[in-house]
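To start, the structure itself, in structure tokens.
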Amino acid sequence: MRNLKQNNFNTELKFLYSDNSSLSIVFQNNDLLLGVVGEFNSNLKELEKLTNTNIYSRGNSILIKSNPEKNNLVKNAIQFLTNQFITNGNIEKKDIISSVNKFMIEENNNSTDKNIEYIIKTPKKSVIPRSEKQKNYVRALKESDIVISAGPAGTGKTFLAVAVGLTMLLEKKIERIILSRPAVEAGERLGFLPGDMREKVDPYLRPLYDSLYDLLDFEKIQKKIEIGDIEIAPLAFMRGRTLKNSFAILDEAQNATDTQIKMFLTRIGENSKIVINGDPSQIDLSNKNLSGLKRSKKILGNLNEISIIDFDHSDVVRHPLVSKIVKAYSDINND
């Protein structure tokens, strides 16, 4: 495929409107069209289901038949997916879901150039924030020494933090990434579990591993773990350390106590960043009042050097139903 620049992707598309409530999107490049349409029109079929419209691939164009409002919805989705394919060379199901999300339509409808500064480029893919809060989060991860984020599952807290940390490691801005998480199910008493330390804590850190493998080849991740560039450190084993030239992530922080979060925060050393992520709605502690995530936000929220990011259901970038589920539970809890 000939080189396609992100900032001029609109020149690859032409839009033809007709009087019978249909819209044709004409592609100037057939390889780009095939990438957007997907194998056996799979991407268009998924887009049809999400928007409840009729979408066809004809020649070098995509035809949309619906009312003007939905035609415009699909038009903006196609523009976003076109940009995604030019940027990454592929389109995933989550991209199609994001393409019809209201905030993505607004953000990408004439303002694609503004998103460039937030793109996180990793060896396997370029990561693009999906909402305004995610943009703020990425900015905070790059500019602040300490970031505390809270919000429901699927809002990108862990994935974006790992992406930024991995980029900094590969660019040699830091010397190591430290991944930590409270092992609540084991009561933080890991000694009785079989295997070495890594084997004991691996099940609890699986989401962090998944994010790493999504951004860098498996073999390279394993090598960096072996040489210590990526370190697995249970929260209970962080006491007494000073983290220098590091990017440390505490995941599932809603299951850490006030004392544990304070301990983790005070590990920060020279040229280091600390990220604390958690979902206040999924506390597994026997006494939910012991969770220190909410309290840490309250205590540290007035410090200019610390960024606090609160996500909600509108920032969920998984299946659209996840956002509805999160909102439904939130509404019940607020009653």
- Note down all Cβ pairs under 6 Å where the first residue falls in region 267-290 and is modelled with pLDDT of 95 or more, the second is loosely packed, with under 14 Cβ neighbours inside 10 Å and part of a strand (DSSP E or B), and they're at least six residues apart or on different chains. none
- Of everything in region 229-251 that's in contact with a Ser or Thr (Cβ under 7 Å, 6 or more places away or on another chain) and of a type in the set (Gly, Ala, Ser), which residue is surrounded by the fewest Cβ atoms within 10 Å (Cβ to Cβ)? Ala233
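Just checking, which of Ile299, Ile268, Ile309 is in the same structural domain as Leu235 (by TED's automatic domain parsing), under 25 Å from Phe247 (Cβ atoms), of a type in the set (A, V, I, L, M, F, W, C) and in contact with a Phe, Trp or Tyr (Cβ under 6 Å, 6 or more places away or on another chain)?
Details: Ile299 fails: in contact with a Phe, Trp or Tyr (Cβ under 6 Å, 6 or more places away or on another chain); Ile268 fails: in contact with a Phe, Trp or Tyr (Cβ under 6 Å, 6 or more places away or on another chain).
Criteria check complete, one pass: Ile309.
For region 31-73: of the residues being β-branched (Val, Ile, Thr) and modelled with pLDDT under 90, which is farthest from Ile96 (Cα to Cα)? Even if it seems obvious, please write down each step before you answer.
Let us first name the residues in region 31-73 that are β-branched (Val, Ile, Thr), namely 36-37, 51, 53, 55, 62, 64.
Filter once more, so that each one left must be modelled with pLDDT under 90: 51, 53.
Numbers: Thr51: 11, Thr53: 14 Å.
So the residue we want is Thr53.
So how many residues does region 23-67 have that are outside any strand (DSSP E or B) and closer than 21 Å to Ile86 by Cα? Reasoning before the result, please.
Filtering region 23-67 for residues outside any strand (DSSP E or B) gives 28-53, 59-60, 66-67.
Right, trim to closer than 21 Å to Ile86 by Cα and you get 28-47, 59-60.
Count: 22.
The values are calculated or read from the model by the stated rules, or taken from the named source; none is laboratory data. On a predicted model such as this, the values are computed, not experimentally measured, just so you know. Backbone-built Cβ (ideal geometry, glycine too); neighbour counts: all protein chains shown.
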